[in-house]
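Coordinate-derived values only; no laboratory data. Predicted model only: the values in this text are computed from it and were never measured.
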């Protein structure tokens, strides 16, 4: 429904809808859009365009994300796993900024786990081994309610002069 609606817009080259992880609803729809050359439409204008045509509120995309190139397979079909990985990272990264002051850095990578699942790998760099338990608990509190499996990895940074 979302994709068909967005394809009706004259500036849209390709559109794909995927679910954004949501702690309350499980997931909510978002749309990725590749615009035609020289298109000037904004993501908010496309969301409003969809809102005027999609009457089922749960099917309305919460966000329209403009991308330069839609990922496609060798035969030209939209490759939605890449979009799912991207939306998970876009969702988790701002959530994890809450831990930024407690660690040196963190990184998120999302990919396939086995043949059916998606896994978010979170690597946290800390300056001391004793920070791991508290950070692990904090991350569990943040990511635990979301429906995507994640694995937590820690690296202890070697401090200069020690």
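Overview of values
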{"read-out": "Anisotropy class of region 87-156 from Cα gyration tensor, a/c 1.5 cut", "value": "prolate"}
{"read-out": "Fraction of the pair-distance distribution of the chain above 20 Å, Cα-Cα pairs, percent", "value": "58 percent"}
{"read-out": "Max mean-square fluctuation residue, GNM over the chain, Cα-Cα springs under 10 Å, options 37, 23, 15", "value": "37"}
{"read-out": "Rounded to 10°, Cα long-axis angle of helix 43-53 versus longest principal axis of the chain", "value": "50 degrees"}
{"read-out": "Mean separation of Cα contacts under 8 Å, 6 or more apart, over the residue count of region 2-78: relative contact order %", "value": "32 percent"}
{"read-out": "Scaled radius of gyration (Cα, divided by 2.2 N^0.38 Å) that region 2-78 gives", "value": "1.09"}
{"read-out": "On Cα atoms only, tilt of 80-96 relative to the major axis of the chain in degrees", "value": "50 degrees"}
{"read-out": "Gaussian network model of the chain, springs between alpha carbon atoms under 10 Å - residue of 24, 32, 85 with greatest fluctuation", "value": "24"}
{"read-out": "Computed over the chain: relative contact order in percent, which uses C-alpha pairs under 8 Å that are six or more apart", "value": "19 percent"}
{"read-out": "Crossing angle, helix 132-143 versus the chain [Cα axis fit, 0-90 degrees, rounded to tens]", "value": "20 degrees"}
{"read-out": "Listed residues 132, 40, 80, most fluctuating in the chain (Gaussian network, C-alpha, under 10 Å)", "value": "40"}
